[in-house]
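Right, one structure below, let's go through it.
The values are calculated or read from the model by the stated rules, or taken from the named source; none is laboratory data. These figures come from a predicted structure and were not determined experimentally. For neighbour counting, all protein chains shown are included, and Cβ atoms are generated from backbone atoms with ideal geometry for every residue, glycine included.
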Amino acid sequence: MSILEMLQWMQGTGIGIALRKSNHLVGAAFQFAHVLGFVLLLASVTLISLRLLGLAFVKQAPARIVDTGNTALGIGLAAAVLSGTLIFLSGPVRYYSNEFFRIKIVVLIAAVLFQASLFRVASRGASEHPLAAKAAAIVSLLLWFGVGASARMIGFI
Amino acid sequence: MSILHDFAQLLYDSDFGTALRESQYAFPVVEGAHLLGLAFSVGLLAFADLRLAGVLLRDEPVLHVLGQLRPFILGGFAITFATGVMLFWAMSIKLLPNPIFPVKLIFILLAGVNFLWFEFGVARGAAEWSDCPVPPVRARVAGWTSLVLWSAVVISGRLIPYLG
């Protein structure tokens, strides 16, 4: 099965059809959840990075801020991914044909993998290896803001 | 109404407004900066609000959390506000008749009033309860109010293209 056939199949499923036929304000409601979730996610990444970079909360143990940030990051990511999946299912073929959508998904996957692996290790060892934590914070910021920037471009194509 | 309309027309027809509106790259970049600036402004403010509400970072003194985040929140608002002005400059005539646009401005105004009430009222006695995991009712109300109002600002902003 080719990617296009798979997308067309998604488009023809009950949920795909229901989403496409729903009132456009239903779509707008998913957009609210998507934007608010993403703002929370980006703010969490920013908060954690500020601590790891030594720009804020330097008197607190890094783990403190990292733990709080990670909880909020998880909530934001869940809201953004869930609403994003529904938005995508309303027009899989249309979204997939958008170049910036494909870029966004690749950067998103890279960001999630990085956050769950190297960043996790580096942020836990921030007290012993502050330089590694700083590098991880910068990569994390670039990846997640990259997701946001490419996402914003989808609508301009 | 007509003065407002004339002013919007003046902005719309200006060189800067026209150039930004018709630029293939500058306009999306300004839109992008307006969105990403929210991470610092509204996003970091949400952490400050949730500390005030007694939800997050309860072990850290309220004044410390607010003080540490303040420069980044203010910097974020500077970006969001400056890019917002630029977007209005470029799109003024199209934004003016949009029913949700004034609603967004009203929410921003209310959030500003809430901020002033907090800054010059509630925060005055903050030294007494700064260390409390859960601040007094007035502070919690200010925190939740800010969170709700800024969320409403973001939501009404996202609605602009739907109702334009």
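Brief remarks on what is shown
- For B:VAL122: the one exception among (1) surrounded by fewer than 18 Cβ atoms within 10 Å (Cβ to Cβ); (2) touching a Lys or Arg at 6+ places or on another chain (Cβ under 6 Å): (1)
- Residue list for the range B:130-140, filter: surrounded by fewer than 16 Cβ atoms within 10 Å (Cβ to Cβ) and either in a loop (DSSP other than H, G, I, E, B) or within 11 Å of the chain's Cα centre (by Cα) (or both): B:ASP131, B:CYS132, B:PRO133, B:VAL134, B:PRO136
- Within the range B:57-79, the presence of at least one residue that is crowded, with 20+ Cβ neighbours inside 10 Å, at positive phi and either among the hydrophobic types (A, V, I, L, M, F, W, C) or touching a strand residue (DSSP E or B) at 6+ places or on another chain (Cβ under 7 Å) (or both) is confirmed.
- Some residue of the range B:22-40 being β-branched (Val, Ile, Thr), modelled with pLDDT of 95 or more and more than 22 Å from A:VAL35 (Cα to Cα): no
- Residue identified as buried (at least 19 other Cβ atoms within 10 Å of the Cβ) and under 30 Å from B:PHE72 (Cβ atoms) among A:GLY54, A:GLY37: A:GLY37
- Test: B:ALA127 is among the aliphatic types (A, V, I, L, M), surrounded by fewer than 15 Cβ atoms within 10 Å (Cβ to Cβ) and farther than 29 Å from A:HIS34 by Cα: yes
- Taking the range A:57-83 as the range and being under 18 Å from A:GLY148 (Cα atoms), crowded, with 21+ Cβ neighbours inside 10 Å and either away from chain B (no Cβ under 12 Å) or not small (Gly, Ala, Ser) (or both) as the test, the residues that pass are A:LEU73, A:LEU77, A:ALA80.
Matching residues to (1) more than 14 Å from chain A (Cβ to nearest Cβ); (2) touching a residue at least 40 places away in the same chain (Cβ under 8 Å):
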{"position": "B:MET86", "(1), (2)": "yes, yes"}
{"position": "B:PHE107", "(1), (2)": "no, yes"}
{"position": "B:VAL134", "(1), (2)": "yes, yes"}
{"position": "B:ARG138", "(1), (2)": "yes, no"}
{"position": "B:THR145", "(1), (2)": "yes, no"}
{"position": "B:LEU159", "(1), (2)": "no, yes"}
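- Taking the range A:41-64 as the range and being part of a helix (DSSP H, G or I) and at pLDDT 95 or above as the test, the residues that pass are A:LEU41, A:LEU42, A:ALA43, A:SER44, A:VAL45, A:THR46, A:LEU47, A:ILE48, A:SER49, A:LEU50, A:ARG51, A:LEU52.
- A residue that is within 7 Å of chain A (Cβ to nearest Cβ), under 23 Å from A:ASP67 (Cβ atoms) and either modelled with pLDDT under 95 or assigned to a loop (DSSP other than H, G, I, E, B) (or both) cannot be found anywhere in the range B:63-81.
- Candidates B:GLY164, B:GLY143, filtered to the one that is exposed (fewer than 14 other Cβ atoms within 10 Å of the Cβ) and touching a Leu at 6+ places or on another chain (Cβ under 8 Å): B:GLY164
- A:LEU42 meets all of the listed conditions (1) facing another protein chain (nearest Cβ under 9 Å); (2) touching a residue at least 60 places away in the same chain (Cβ under 8 Å); (3) surrounded by fewer than 18 Cβ atoms within 10 Å (Cβ to Cβ); (4) under 30 Å from B:ASP59 (Cα atoms) but one, namely (3).
- All positions within the range B:31-62 that are more than 7 Å from chain A (Cβ to nearest Cβ) and part of a helix (DSSP H, G or I): B:ALA33, B:HIS34, B:GLY37, B:SER41, B:LEU45, B:ALA48, B:ASP49, B:LEU50, B:ARG51, B:LEU52, B:VAL62
- Filter pass, A:SER117 being among the hydroxyl-bearing types (Ser, Thr, Tyr), over 30 Å from A:TRP9 (Cα atoms) and touching a helix residue (DSSP H, G or I) at 6+ places or on another chain (Cβ under 7 Å): no
- A:HIS24, sole failed condition from (1) modelled with pLDDT under 95; (2) more than 9 Å from chain B (Cβ to nearest Cβ): (2)
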